[in-house]
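Since the structure comes first, as C-alpha cells, the remarks are kept for the end.
The values are calculated or read from the model by the stated rules, or taken from the named source; none is laboratory data. Computed from a prediction, not measured in an experiment: that's the story for all the values here. Note that each Cβ is placed from the backbone with ideal geometry, even for glycine, and that neighbours are counted across all protein chains shown. Surface areas here come from the heavy atoms of the whole protein model, side chains and all, with no ligands, DNA or RNA. Shrake-Rupley method; radii C 1.70, N 1.55, O 1.52, S 1.80 Å.
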Amino acid sequence: MALAAWRCGRGLGGVGVALTVWVCLSHRCSEWLRCCGGGEPRPRTVWLGHPEKRDQRYPRNVINNQKYNFFTFLPGVLFNQFKYFFNLYFLLLACSQFVPEMRLGALYTYWVPLGFVLAVTIIREAVEEIRCYTRDKEVNAQVYSRLTARGQPPAAQPWGRAAEWRAPPLLSTGSCFLRTDQLDGETDWKLRLPVACTQRLPTAADLLQIRSYVYAEEPNIDIHNFVGTFTREDSDPPISESLSIENALWAGTVTASGTCPRRGIELRSVMNTSNPRSKIGLFDLEVNCLTKILFGALVVVSLVMVALQHFAGRWYLQILRFLLLFSNIIPISLRVNLDMGKIVYSWVIRRDSKIPGTVVRSSTIPEQLGRISYLLTDKTGTLTQNEMVFKRLHLGTVAYGLDSMDEVQSHIFSIYTQQPQDPPAQKGSAPTTKVRRTMSSRVHEAVKAIALCHNVTPVYESNGVTDQAEASSPSESLFLPCKEVALVQWTESVGLTLVGRDQSSVQLRTPGDQILNFTILQLFPFTYESKRMGIIVRDESTGEITFYMKGADVVMAGIVQYNDWLEEECGNMAREGLRVLVVAKKSLAEEQYQDFEARYVQAKLSVHDRSLKVATVIESLEMEMELLCLTGVEDQLQADVRPTLETLRNAGIKVWMLTGDKLETATCTAKNAHLVTRNQDIHIFRLVTNRGEAHLELNAFRRKHDCALVISGDSLEVCLKYYEYEFMELACQCPAVVCCRCTPTRDREKRGPVSRLSVLADLPVWSVRPAGDGGNDVSMIQESDCGVGVEGKEGKQASLAADFSITQFRHLGRLLMVHGRNSYKRSAALSQFVIHRSLCISAMQAVFSSVFYFASVPLYQGFLIIGYSTIYTMFPVFSLVLDKDVKSEVAMLYPELYKDLLKGRPLSYKTFLIWVLISIYQGSTIMYGALLLFESEFVHIVAISFTSLILTELLMVALTIQSWHWLMTVAELLSLACYIASLVFLHEFIGLGKQPMGGAFDVYFIATLSFLWKVSVITLVSCLPLYVLKYLRRRFSPPSYSKLTS
C-alpha cells in the first residue's frame, strides 16, 4: 500500500530514462481522506522536482493492519469481551462481592475464574497483535532511494509491497513487466509502458531539469483504469501525452524512475480492502442462546426461593443473594473450555498428514465446518487446474482436432514452401490443387491471426533458448493469460513461431526459418466492458495494415460479417466443455488508418469520459470484419474432483458453481465434474430481461422438482432485483446450481441471501469479469459463514483471507467429513457436559437451601467451588475434545453421517433439556442421599456430598465417552488422585470443616468402611439408571453411526 517516490532500476546504461506514473491503486472512503486533511477526494497535479508546488497534503505512507494500538489495546479487548451478555454477567457478579450485604464468600472465588478467562483472551489478542505489528514493521521499514537534484541518497522510508515484477531485457527501452497475482489473482506478467517523450533524456537526473507535471484523477476503487496526463511545458511546442493503466505500476513495484501521485490510504489497493468481520459460528450463537435460557432459569429459581419465604424482610436483597448463590447455573468455564477446544481442533487439522498444507487462519469457527449446507465455488483454478490445452480449430466448413493437427501443419508448410516458388502457376493449377491451396490459405490466415493477436512476450535465457512465454493482459478476464499462452504455443507446434516481441514490433518464424516482421501500430487490450482484444499491425514486407480481433462469441457475433455457422458451432464446442474464442480480421487502407489514429489520439488525451470516447473510436473499426476461425481450449479438472463433489452431495451439501463460461460450457463442466448426476434433470432458466418475464419463468421453475438449475448472470440479476426471496427459496431447494456468465457484482449479490453459506475460492479468475477480480472473492470469503481458500496458481490472497486454506480441492472432503464433523460433535458434547456440571452443583445448592428453610447460605465455599470446575473435573471433561464416534475412514466412506449434523441434533433444545433433567436428578439424589444416609454424621455433610459429586462427574465422563483415548484414562486417574491428595494434605486449606454447618474435618472418618460404602451407594444411584437407559437406547434405538461401528 505504501509507495516510494523514486526508485532507480538497474540496467539503464544511459540508453534512456523511463518515466512511469506510479499509480498505486488505492482505498478508503472520503471520511478517511478528510481525517488526513485532504478534504474530499479530488484530482492531483504533481510537478517533477518541485515539491513546493504540492497543492494537497499527502497521507502517511505506511500500512497498518492492527486492530489496536498501545493505548487502545487493553480498553478495546475488554470492551469486546464485556459487550457480550455472557462475560458482562460474570463481571457484575464479581463486582457485587465488594458490597458487604451481598458477599457470599471469599473474593477470589469470583475474581480468579474471571481473571483467568480474561487473561487467556488478552494473551491471545496480544500475540496476534504482535505478529501483525511485526509484519507491518517489516514492510514499512523497507528502504528505497529518492531521486533529488543532489543525487539519490538512500533513505529508510515506509514502503509497501503489493506486487512483484521482473525486468526482462526490454528494460533498457523503459518498459517492464509486473505480476499482480497477490492482488487480483492474475498470474501473467503485465506489460507497463513509459511516457514516450522521457525516453530521449540521457540520465534519470534530467527528469528534474525539465518543466513537466503529471495530472492524476481523484482516488477511486477502480483498479483496472487510470486517467491522467503528462505535460512538458519547456518544449516547443508543449508536449502532452495521455496516461492510462498501461503507464501505471502497483504499489511496491520497482521501476526505473517515476512519480508517485497517490500513497497511503489513497492507494486503490487499500481502497479495495475491507476490514474482515469477526465471525461467530452458528454453534456459538446456539450456546449463547442456551446461556440466556440458563439466566432465565436463574432468575426464576431465585424468585421462587424468595416467594417461599413469603417475601419477608428485605426480600429484594434476598433476591440478589440468591442470584449470586445460584450463579453457577451459568458456567464461567464454558467459554474457556470451548475456546481451548477450538485450539485443539485447529491443531489436529494442521497435523493431519492426509491433507498436507492445510492452514487454519480462524480458530474461532472450526465447528462451522460441520454445519455447511451450501458451498459456493468458483470453477477455474478451484474445480479445474487452470492449465489450458488447445483442442479445436474450426474454420466453418472443416474442424481440426488433436488427431488432425498434422494437417494444419502441412497447410502451413505448403504456404511457405510452395507459394514463393511460382505464384502465377498456382492460379492455373488443377481444381483439386486449387481447393487444397484455398484451404491452406484459410488455415494460414487463421494461424497467423492467432500468432499475432495476443499480449504474449517470449522470454529468453542467456543461451538463447526460450524460457517461457509470458502473457500480458492488463484487464483480461474473459480469456485467461494461460489461455493466450496455450494459443501461442499451439501456433508454434504447427509451424508459425513467435520469436520476438516488444511494444512496437512482432517477429514470427516460418517453417522455412524465414522471419516475418510486423510493426504494432495499436493494441487494444481486453476489458470487461468489451470482452475482446484487438491489434493493428503493418506487414513490413508488403506494407499491408491489418486489424485482428478475438473475443467472446456474444460480442463478436455482431462485429463479423453475416454467416450461418458461428452460433451453431460455438454451441457445439461449448457443449464439449471447450472455451471458445472467435478470431476475425479487417484490412485497412493507409488513409483509413491515419484518420483512425488521429481520432484515437485525440480521444486518449481527454480527461473527462476518456473510456467512453476511446471505445467509440475503436468501435468505428469493428464493423464487417472477416470471420477467420473459432478456437477451443480445455481447462482440465483437478484430481479427484468428481468423487469429492459426490461426497459433498451425499453429505447433503448443495454446491453452487459460479463461472463466466457460456451456458453450454458450464452445463458440460457440471456434468463432467459430477456436480449434476447423469440421471438428474437440468432446468435451464431462460434469459429474462424484465419483471414479467422473470415472473413467468419462476412459475415454470416452481413446477420442477429435484432438478439442477442453470441460470445466466443477466437472468440472475433480474430475479434478484424483483423476486429475490422467491428465487432464493426455489434455488435453495435445488441439489445444484450453476450460474454462468457471472460478473463480479453478481457474485457479491448472490452470496447474501444464502443461509450458512461457505465460499470456496482460490484467488479465482471469473471468466467474464475484469482481470483484477481476486479482491471480490476475498470479500465473499470474508462475508461467508466459513470461507475456504484453495492455494492455486492465481496467488494466495484468497487463501490468506480465508478461514481455512487447503492446497487441493479434494482435501475439502476430509476437512468437512472428518474434522468438521468431529469438531462440531465434540464441542456439542463438551458444552452440554460443562453445563451439566454447573447445573448439578446448583441443584445440590437448591436442595440444601430448601432443607434449611430457604436460607441464602452457600453449600461450598473457598477453594472447593474453584477446584470443582478446575483441578477436580477439568481434565476429564476437557478430554471429550478427543472423543469420536466413528473412525475417519468410516466418516469418509459414509458421508451420509454428515447429513445428520445439518439438523443440529447434537446440540438442540431437546438434548439441552435432557441434560438439565439429568443434572437435576443427580444433584437431588446426591444431596438427599447424603442427608438420609449420613443423618448421624451430619456435621460431615460437605465432605460427604462433595466426594459423591466428584465421583459422579468422573463416572459421567466415562459414560459420555464413545471412543477411549489413553489421555482420557490419564485425565480420569489424575483428577481422582488430585482430589484424594487434597483431602489428605490440604483439608484445612480447602475449607472442609469450616463450613457453616460446623464440625471438624476428620481424615479417619472418610477412611471408614461405612463412609466408603454409603458414598458408593449414593454415586451408584445417581449414575446407574443413566447407564441402563443408555444401554437400552443403544439396544433398541441405536444411532446411525453405531450401526457402522458394531
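The length gained by stretching the chain between Cys289 and His695 to full extension, at 0.36 nm per residue less their Cα-Cα distance, is 142.2 nm. Placing a label point 7 Å from the Cα of Ser1040 along the Cα-to-Cβ direction, the residues of the range 877-898 whose backbone N falls under 20 Å from that point are 884-898. 3J(HN,Hα) along the range 957-963, derived from phi through the Karplus expression 6.51 cos²θ - 1.76 cosθ + 1.60 where θ = phi - 60°, amounts to 4, 4, 5, 7, 5, 10, 9 Hz, with x in place of Gly and Pro.
In the context of the full set of protein chains, residues of the range 858-953 present 40 Å² of accessible surface per residue (probe radius 1.4 Å, heavy atoms only).
Net charge of the neighbourhood of Met956, taken over other residues with C-beta under 15 Å away and scored Lys/Arg +1, Asp/Glu -1, is -1. Extension gain for Ala196 to Thr417 (0.36 nm times residue separation, less C-alpha to C-alpha distance): 75.5 nm. How high is the FRET efficiency from Asp714 to Glu646, r the C-beta distance, R0 45 Å, rounded to 0.05? In this case the efficiency is close to 0.90.
In this structure the amide hydrogen of Met657, modeled in the peptide plane, comes within under 5 Å of the amide hydrogens of Thr377, Val737, Val738, Cys739, none closer than 5 places in sequence on its chain.
For the range 501-526 versus the range 629-708, the spacing of their alpha-carbon centroids is 41 Å.
The apolar share of the surface of the range 566-647, taken as the fraction of accessible area on carbon and sulfur atoms (1.4 Å probe, ligands and nucleic acids excluded), comes to 48 percent.
Label-to-label distance for Ser363 and Asp234 is 6.0 nm, based on points extended 7 Å past Cα in the beta-carbon direction. Note on Leu308 and Arg702: their simple-model spin labels are 5.7 nm apart, each label 7 Å out from Cα toward Cβ. May I ask you to evaluate 6.51 cos²θ - 1.76 cosθ + 1.60, the Karplus curve with θ = phi - 60°, for each residue of the range 369-376 and list the ³J(HN,Hα) values in order in whole Hz, giving x for glycine and proline? For the range 369-376, the Karplus-derived couplings read 5, x, 10, 6, 9, 10, 10, 9 Hz, x marking Gly and Pro. Heavy-atom accessible surface of Trp111, to the nearest 10 Å², is about 80 Å², with a 1.4 Å probe and all protein chains retained.
Ordered by 1.4 Å accessible area with all protein chains kept, Ile865, Ile980 run largest first as Ile980, Ile865.
Classified by the C-alpha gyration tensor, the range 501-639 has an oblate form. Its axis ratio a/c, with a ≥ b ≥ c, is 1.5 or above, and a/b does not exceed b/c.
Taking 20 Å as the cut-off, the amide N atoms of the range 898-937 that come nearer than this to a point 7 Å along the Cα-to-beta-carbon line of Trp1013 belong to 929-937. Using Cα centres only, tell me the gap between the range 330-363 and the range 73-99 in whole Å. Using only Cα atoms, the two centres lie 25 Å from each other. Label separation (Thr542 vs Tyr562): 2.8 nm, computed from points 7 Å beyond Cα along the C-beta direction. The phi-based Karplus calculation (6.51 cos²θ - 1.76 cosθ + 1.60; θ = phi - 60°) puts the 3J(HN,Hα) values of the range 399-414 at 10, 10, x, 4, 7, 10, 5, 5, 5, 4, 4, 5, 4, 4, 4, 5 Hz, whole numbers, x for Gly and Pro. A straight chain from Arg575 to Leu1032 at 0.36 nm per residue would run longer than the Cα-Cα distance by 158.9 nm. Among the chymotrypsin sites (Phe, Trp or Tyr not before Pro) found in the range 891-984, those both in a DSSP coil and sparsely packed, with 13 or fewer other Cβ atoms within 10 Å of their Cβ, are Trp964.
For Lys391, the amide hydrogen comes within under 5 Å of the amide hydrogens of Gly632, Val633, Glu634, counting only partners 5 or more places away or on other chains and with H modelled in the peptide plane.
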